[in-house]
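The structure appears below as structure tokens.
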Amino acid sequence: FGIDTIRALTDDGCRPVAVIHKSQVLFGAAGTEEQLFPFISSIEIEELSRFIPELRKAGIRMAVTDSVIRKLHRGFSMRYIGYVVSERLNRTFQIYEMLEVYSESEKDARRKTDKKFQEGIQMFYQNDFYLARNRFSSVLKACPEDGIARWYLFTCEAMLNTKDAGDIRHDLFADI
């Protein structure tokens, strides 16, 4: 349902972003017989929603967290794109991009470049920003609309131009 919804919205010219996460929630209803207010609350989902503008800017249409990956049945195309950190919750969320929401050509381009993309992420995590930059550059040549690869490329550039690496953060959308 989510994949079909994202595709339909995209076909209509919208730029939706969906982040799917499995979490404990608090839900209920408050009020009186005359006026009732249903509510649902999840600190984890609230924290993840902070990253939606950055995901939208990077062109991600649908992302799922590691908690969802464990529950998904096989048959979905996805790729690991990194992790985000919630300092408020002292928790890390692994983020995967669902490729099913893209056109066949976009999906194929991301699948074909995934090996180089994953190598680039590993090099990025090992602070080898020069080689990581080369991998992400190669990914962008084959798939120019890959915004996450572009984010990594620019972040690698920033790290290469930094004199004092200090405490290097490797999480997605971290302030460098």
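The values are calculated or read from the model by the stated rules, or taken from the named source; none is laboratory data. It should be emphasised that the depicted structure is a prediction, and the values quoted were computed from it without experimental measurement. Don't worry about glycine lacking a Cβ; one is built from the backbone with ideal geometry, like all the others, and counts go over all protein chains shown. The protein model used for the area step is the full one, side chains on, heavy atoms only, and it has no ligands, DNA or RNA in it. Shrake-Rupley method; radii C 1.70, N 1.55, O 1.52, S 1.80 Å.
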Going by the structure shown, is ASN134 among the polar types (S, T, N, Q) and assigned to a helix (DSSP H, G or I)?
yes
For the structure I just gave you, tell me whether ILE148 is within 25 Å of SER49 (Cα to Cα), open to solvent by less than 20 Å² (accessible area, probe 1.4 Å), not in a strand (DSSP E or B) and not small (Gly, Ala, Ser).
yes
Condition set open to solvent by 40 Å² or more (accessible area, probe 1.4 Å) and of a type in the set (Ser, Thr, Tyr), scope the stretch 21-65, selection modelled with the lowest pLDDT: answer is SER41
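Is it true that ARG135 is surrounded by 13 or more Cβ atoms within 10 Å (Cβ to Cβ) and either out of contact with any helix residue (DSSP H, G or I) (no Cβ under 6 Å at 6 or more places or on another chain) or of a type in the set (D, E, K, R) (or both)?
In short, yes.
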Of the conditions (1) farther than 28 Å from SER49 by Cβ; (2) in contact with a Gly (Cβ under 6 Å, 6 or more places away or on another chain), the single one that ASP108 does not satisfy is (2)
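Going through the stretch 117-132 one residue at a time, which ones are without any contact (Cβ under 8 Å) to a residue 40 or more places away in the chain, of a type outside the set (Asp, Glu) and either in contact with a Lys or Arg (Cβ under 7 Å, 6 or more places away or on another chain) or open to solvent by 20 Å² or more (accessible area, probe 1.4 Å) (or both)? I'd like the intermediate steps shown before the answer.
So the first thing to find is which residues in the stretch 117-132 are without any contact (Cβ under 8 Å) to a residue 40 or more places away in the chain, and the list is 117-120, 122-123, 126, 128-132.
Retained after the next criterion (residues that are of a type outside the set (Asp, Glu)): 117-118, 120, 122-123, 126, 129-132.
PHE117, GLN118, GLY120, GLN122, MET123, GLN126, TYR130, LEU131, listed by residue number.
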Residue pairs within 8 Å by beta carbon, gap of at least six or interchain, first lying in the stretch 51-71 and on the phi > 0 side of the Ramachandran plot, second part of a helix (DSSP H, G or I) and open to solvent by less than 50 Å² (accessible area, probe 1.4 Å), listed first then second, are GLY59/GLY147; GLY59/ILE148
Out of the stretch 72-100, which residues are more than 29 Å from ASP175 (Cα to Cα) and touching a residue at least 40 places away in the same chain (Cβ under 8 Å)?
GLU100
Before we move on, is VAL68 in contact with a helix residue (DSSP H, G or I) (Cβ under 6 Å, 6 or more places away or on another chain), farther than 16 Å from LEU153 by Cβ, open to solvent by less than 50 Å² (accessible area, probe 1.4 Å) and among the β-branched types (Val, Ile, Thr)?
no
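Where residues in the stretch 78-106 are assigned to a helix (DSSP H, G or I) and open to solvent by less than 10 Å² (accessible area, probe 1.4 Å), which of them is modelled with the lowest pLDDT?
Restricting attention to the stretch 78-106, the residues satisfying the condition of being assigned to a helix (DSSP H, G or I) are 99-101, 104-106.
Remaining after also requiring open to solvent by less than 10 Å² (accessible area, probe 1.4 Å): 99, 101.
Values: LEU99: 88, VAL101: 82.
Filtering first and then ranking leaves VAL101.
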